[in-house]
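S.K.: Quick one: structure below, then a few questions.
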Amino acid sequence: MTIHKQPNELAAGYAGAIVAALSMLLLGIGWNIGVYVGAAEQMAKWHYLFSPSIGGIIGGMAEAAVITFVFVYLFVWLYHKFE
């Protein structure tokens, strides 16, 4: 007998948000030390709040976390709906 666990939308959304925020943090730090500058500049074009300053990195982390949470939550919710 197998137990089928339902996908947890909130857990997936939180996990995605954490990964997105940490990615933005690493990209912002890299930008300031000269690593992946091109990627960071492109990310700054896509994210309104992201910049090389500390406030810009924190803003970019928050923006990426919120956007990612919403999309991952909706994706898992839809997956669960059509499963």
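Computed from the coordinates by the stated procedures, all read-outs in this text should not be read as laboratory data. This one's a predicted model, so the numbers in the text were calculated from it and none came from an experiment. Ideal geometry is used to build each Cβ from the backbone, glycine not excepted, and the neighbour counts take in all protein chains shown.
S.K.: Compute the length gained on full extension between Val19 and His80: take 0.36 nm times their separation in residues and subtract their Cα-Cα distance, giving the result in nm to one decimal.
M.R.: 19.8 nm
S.K.: In what order do Trp77, Trp46, Trp31 fall by count of nearby beta-carbon atoms within 10 Å, going from fewest to most? Intermediate values should be presented prior to the final figure.
M.R.: Values: Trp77 15, Trp46 11, Trp31 22.
Fewest-to-most ranking of Trp77, Trp46, Trp31: Trp46, Trp77, Trp31.
S.K.: What does the helix-only formula give at 222 nm for the chain: each DSSP H stretch with n ≥ 4 adding -39500 (n - 2.57), the total divided by the residues, and the result rounded to the nearest 500 deg cm²/dmol?
M.R.: Only helices count here, giving -27000 deg cm²/dmol.
S.K.: Give me, ordered by chain and number, the residues 5 or more places off Ser51 or on other chains with an amide H under 5 Å from its own placed amide H.
M.R.: Gly56, Ile57, Gly60
S.K.: What is the order of Tyr79, Tyr14, fewest Cβ neighbours within 10 Å to most?
M.R.: Numbers: Tyr79 12, Tyr14 16.
Exposure proxy ranking, most exposed first: Tyr79, Tyr14.
S.K.: Jot down the per residue volume, in cubic angstrom and as a whole number, of the convex hull over the alpha-carbon atoms of the chain.
M.R.: Residue-normalised Cα hull volume stands at 103 Å³.
S.K.: Can you work out ³J(HN,Hα) from phi for every residue in region 52-59, in order, using Karplus 6.51 cos²θ - 1.76 cosθ + 1.60 and θ = phi - 60°, giving whole Hz and x for Gly and Pro?
M.R.: x, 6, 4, x, x, 5, 5, x
S.K.: For Ser23, Ser53, which order do you get if you count the other beta carbons within 10 Å of each Cβ and list the fewest first?
M.R.: Taking fewest neighbouring Cβ atoms as first place, the list is Ser53, Ser23.
S.K.: So what's the net charge close to Ser51: Lys and Arg +1, Asp and Glu -1, counting the other residues with Cβ under 14 Å from its Cβ?
M.R.: Residues close to Ser51 contribute a combined charge of -1.
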